[in-house]
1. Output the residues belonging to the stretch 17-33 that are outside any helix (DSSP H, G or I), open to solvent by less than 70 Å² (accessible area, probe 1.4 Å) and under 23 Å from Glu99 (Cβ atoms).
2. Against the definition (among the aliphatic types (A, V, I, L, M) and touching a residue at least 40 places away in the same chain (Cβ under 8 Å)), how does Val102 come out, yes or no?
3. Scan the stretch 52-72 and tell me whether some residue there is open to solvent by less than 80 Å² (accessible area, probe 1.4 Å), assigned to a loop (DSSP other than H, G, I, E, B) and touching a residue at least 60 places away in the same chain (Cβ under 8 Å).
4. Please identify the pairs in which a residue from the stretch 20-45 that is on the phi < 0 side of the Ramachandran plot and among the polar types (S, T, N, Q) has its Cβ atom under 9 Å from the Cβ atom of a residue that is open to solvent by less than 40 Å² (accessible area, probe 1.4 Å) and assigned to a helix (DSSP H, G or I), counting only partners at least 6 apart or on another chain.
5. So which of Glu70, Glu13, Glu92, Glu30 is more than 15 Å from Leu120 (Cα to Cα) and modelled with pLDDT of 95 or more?
6. Would you mind telling me which numbered condition in (1) surrounded by fewer than 19 Cβ atoms within 10 Å (Cβ to Cβ); (2) not in a loop (DSSP other than H, G, I, E, B) Gly36 fails?
Amino acid sequence: VLALNEKIKQAGEKIFASNGKKVDFASALESCEEAGGTLATPMNEDENKAILGIVKQYNQYAYLGIKEGETSGQFKYINGMPLNYTKWHQYEPNGKGTEKCVEMYTDGSWKDRKCNLYRLTICEF
């Protein structure tokens with residue numbers, strides 16, 4: 001239990017956890033789903049802060065459960081629902097169709113990124 005200290009955060013009904021691994025978006029999503037969850041998807045400030053706690057602890061950027069939809073520059077939750085909360089970094093998103101995934105910086109803000117980079121896996125349950 002002590003080994004998991006700081007690596008699990010709770011916000012509302014959700015629990016966020018990381019295995020500390022850095023992988024591409026598809027692998028991160030797959031490992032979260034295999035564990036019975038999905039990729040961490042902040043839907044409000046509290047959830048964003050909980051995920052940020054894990055990002056800061058590892059000092060690694062992490063992919064979020066948000067992807068660009070069919071419309072360039074329009075992002076959605078991976079379940080297809082429209083975003084009801086965002087925390088874009090200044091001048092983001094700016095990838096216009098080339099950066100379809102979203103990562104969280106160590107300050108809690110978001111940036112659109114290519115999906116083949118290696119980022120920290122954070123799941124939600």
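1. Of everything in the stretch 17-33, those that are outside any helix (DSSP H, G or I), open to solvent by less than 70 Å² (accessible area, probe 1.4 Å) and under 23 Å from Glu99 (Cβ atoms) turn out to be Ser18, Val23, Asp24.
2. Considered against the rule, which asks whether it is among the aliphatic types (A, V, I, L, M) and touching a residue at least 40 places away in the same chain (Cβ under 8 Å), Val102 comes out as no.
3. yes
4. Once the first residue is on the phi < 0 side of the Ramachandran plot and among the polar types (S, T, N, Q) and sits in the stretch 20-45, its partners that are open to solvent by less than 40 Å² (accessible area, probe 1.4 Å) and assigned to a helix (DSSP H, G or I) give Thr38/Leu29; Thr38/Cys32; Thr41/Glu47; Thr41/Ile51.
5. Selected residue: Glu92, the only one of Glu70, Glu13, Glu92, Glu30 that is more than 15 Å from Leu120 (Cα to Cα) and modelled with pLDDT of 95 or more.
6. (2)
The values are calculated or read from the model by the stated rules, or taken from the named source; none is laboratory data. Please read these numbers as outputs of a predicted model, since none were measured by experiment. FYI the Cβ positions are ideal-geometry reconstructions off the backbone, even for glycines, and counts take in every protein chain you see. Just the protein is used for accessible areas: all its heavy atoms, side chains included, with ligands, DNA and RNA removed. Shrake-Rupley method; radii C 1.70, N 1.55, O 1.52, S 1.80 Å.
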